[in-house]
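For reference, the structure is listed below as C-alpha cells.
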Amino acid sequence: MVERNMVNITITMSKEERKALKQIALDNDVTVSALIRLWLQEHQRDEVKK
C-alpha cells in the first residue's frame, strides 16, 4: 500500500445513517473511508466545472 499523509476525522451520525453508509460501501466493494474519499473527489470535480 502506498503511504499517504492521512488524518483521522470524527463525524456524528445516526445509527441508521451509519448502517446505510456501511451498506453503500459494501455494495461498492470499498471501505467507508474509501467511499468518502471518492465522494470528495467527485464533489471537487463538480465544483471545478461550475
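Mind checking which residues of the range 16-46 are hydroxyl-bearing (S, T, Y) and touching a helix residue (DSSP H, G or I) at 6+ places or on another chain (Cβ under 7 Å)? Don't jump to the end; show me each part of the working.
Filtering the range 16-46 down to residues hydroxyl-bearing (S, T, Y) leaves 31, 33.
Hit for the range 16-46 is T31, nothing else.
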| query | Taking into account only those residues within the range 1-49 that are among the β-branched types (V, I, T) and assigned to a helix (DSSP H, G or I), which is surrounded by the most Cβ atoms within 10 Å (Cβ to Cβ)? | reply | I36
| Which residue pairs have Cβ atoms under 8 Å apart, sit 6 or more places apart or on different chains, and have a first residue in the range 21-32 that is on the phi < 0 side of the Ramachandran plot and a second that is of a type outside the set (A, V, I, L, M) and loosely packed, with under 13 Cβ neighbours inside 10 Å? | A25/T31
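All of the numbers you see were taken from the coordinates with simple rules; none came from a lab. Remember, predicted model here, so these are calculated numbers, not experimental data. Reconstructed Cβ throughout: ideal geometry from the backbone, glycine too, with neighbour counts over all protein chains shown.
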